[in-house]
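K.L.:
So that we are looking at the same thing, I have put the structure below in structure tokens.
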Amino acid sequence: MIYCFSGTGNSLWAARELGSALNEPVEGIISYRSTERVICNDNVVGFVFPTYMNDIPWIAKEFLLKLLVRPNCYAFAVMTSSRGVSKNSFENIDAALCANNAKLSGAFNLQMPGNCIQSSHEQNAERLADAPSHVTHIAREVSSRTVNFTSVDKPPKRNFIESSFYYGTKRLGHLNAMKRFEITNACNGCGDCARACPTGNIRIANGTAEHDTNCAACYTCLHWCPQHATRVKLPSLRNRFQYHHPAITLDDIEHANAHTEHPSSE
């Protein structure tokens, strides 16, 4: 099983490519948000997440803490990011697994176009061209059960989720500003942003999009708006151009981020 979370489609694309190469199913973690416990008895369990401020998204931490896997399974993680470096991401995935007597064995970075800090069109094209060969390499490493991560067998801190840079309504100065959006007059109330939002944080009222406070900082709303009407108020990001993976559609994102009622999943 491969679990993923994606906003621009980078992680969803990578998860699908890995799933095809490894003959493993792929599921979006959002479908389990209302599930108290997720049980996976597979021998191989993978995670494909985007890197947010050198960490995994808080919504991924929320999922990992409810996931039960076999203690002796081969668990691997692929982090997609603009810089190709993830720092605390793998340590925190391992910590969440350790809370349920498992551990991370494989850790892989995949450099992709950025969804927050902007990379150029030329950089994006180069990264997209290189990505398939990198995914093929990762698939080979996973097939070989390569262990390239040393678990410290340390459970997560008590504020594991809430300490995330972009957690919910947490106020961290300029970091909170990175979650403040403005909706321009170009908005026609089409609802695409609300369809794609993984946390259900957006509603259409009086013909325009309105944001609440439960933001995952995935920037799905910014990158998928057909009218380019969603902008980040932070000056350094206000005029960044849209990006989403060319092989992923808005329907793909909506399906991957759908809220589904699951019993405790096995």
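K.L.:
Would you give the gap between the C-alpha center of segment 115-161 and the C-alpha center of segment 176-239, rounded to a whole Å?
P.N.:
If we compute the Cα centre of each part, the gap is 27 Å.
K.L.:
Calculate the dipole size of the chain relative to its Cα centre from +1 charges on Lys and Arg beta carbons and -1 charges on Asp and Glu beta carbons; express the result in debye to the nearest 20.
P.N.:
Dipole about the Cα centre, nearest 20: 820 debye.
K.L.:
Over the chain, with a single point scatterer placed on each C-alpha, what log10 of the ratio I(q)/I(0) does the Debye formula yield at q = 0.07, 0.11 1/Å?
P.N.:
The Cα Debye sum returns log10 ratios of -0.23, -0.58.
K.L.:
Just list whichever of Lys66/Lys87; Lys103/Lys179; Lys103/Lys157 have alpha carbons separated by over 27 Å in the model shown.
P.N.:
Beyond 27 Å between Cα atoms: Lys103/Lys179.
K.L.:
When a footprinting reagent is the concern and you count Cβ atoms within 10 Å, what order do Arg140, Arg158, Arg127 take, fewest first?
P.N.:
Sorted ascending by nearby Cβ count, the order is Arg158, Arg140, Arg127.
K.L.:
On a 0 to 90 degree scale, rounded to 10, what angle separates helix 10-22 from the longest Cα axis of the chain?
P.N.:
It works out to around 30 degrees.
K.L.:
Between segment 15-62 and segment 73-102, what is the separation of their alpha carbon centroids in Å?
P.N.:
Segment 15-62 and segment 73-102 have Cα centres separated by 11 Å.
K.L.:
Semi-axes of segment 174-254's equivalent ellipsoid from the Cα gyration tensor, sqrt of 5 times each eigenvalue, largest first, rounded to whole Å?
P.N.:
17, 15, 13
K.L.:
Now for a separate question. Considering the chain, which cysteines have no disulfide-compatible partner, defined as another cysteine with its Cβ under 4.7 Å away?
P.N.:
Those would be Cys4, Cys40, Cys73, Cys98, Cys116, Cys187, Cys190, Cys197, Cys215, Cys218, Cys225, since no other cysteine Cβ in the chain comes under 4.7 Å of theirs.
K.L.:
Let me ask you something else. Dividing the Cα radius of gyration by the Kirkwood radius, what Rg/Rh value follows for segment 27-129?
P.N.:
1.01
K.L.:
Please sort 37-47, 104-114 by packing, taking for each peptide the average over its residues of neighbouring beta carbons within 10 angstrom, highest first.
P.N.:
So the order, starting with the most tightly packed, is 104-114, 37-47.
K.L.:
How much mean residue ellipticity at 222 nm does the chain get from its helices, if each DSSP H run of length 4 or more adds -39500 (n - 2.57) and you divide by all residues, to the nearest 500 deg cm²/dmol?
P.N.:
One gets -8000 deg cm²/dmol as the mean residue ellipticity at 222 nm.
K.L.:
So how do 194-204, 54-64 stack up, highest first, on mean other-Cβ count within 10 Å?
P.N.:
Highest-to-lowest ranking by the protection proxy: 54-64, 194-204.
K.L.:
Next up: When a footprinting reagent is the concern and you count Cβ atoms within 10 Å, what order do Lys179, Lys233 take, fewest first? Working shown, then result.
P.N.:
Numbers: Lys179 22, Lys233 12.
Ordered by Cβ neighbours within 10 Å, fewest first: Lys233, Lys179.
K.L.:
Next question, about the same structure. Give the percent of DSSP beta bridges with both residues in the chain that are antiparallel, rounded to the nearest 5.
P.N.:
Antiparallel bridges make up about 25 percent of those DSSP assigns within the chain.
K.L.:
Restricting the count to DSSP beta bridges whose residues both fall in segment 1-137, what percent are antiparallel, rounded to a multiple of 5? Walk me through the intermediate numbers first.
P.N.:
Details: 1 of 23 bridges.
Of those bridges, close to 5 percent are antiparallel.
K.L.:
Exposure proxy check: Arg70, Arg16 ranked by fewest other beta carbons within 10 Å?
P.N.:
Neighbour counts put them in this order, fewest first: Arg70, Arg16.
K.L.:
Continuing with this model, one more query. Using Cα pairs under 8 angstrom and six or more residues apart, how large is the relative contact order of segment 174-254, in percent?
P.N.:
34 percent
K.L.:
Can you give the direction-averaged projected area of the convex hull of the alpha-carbon atoms in segment 106-217, in nm²?
P.N.:
Details: hull surface 42.9 nm².
The number I arrive at for segment 106-217 is 10.7 nm².
Bear in mind that the values in this text are calculations on the coordinates, not laboratory data. Predicted, not measured: the structure shown is a model, and the values here were computed from it. Neighbour counts are summed over all protein chains in view; Cβ atoms, including those assigned to glycine, are modelled from backbone coordinates with ideal geometry.
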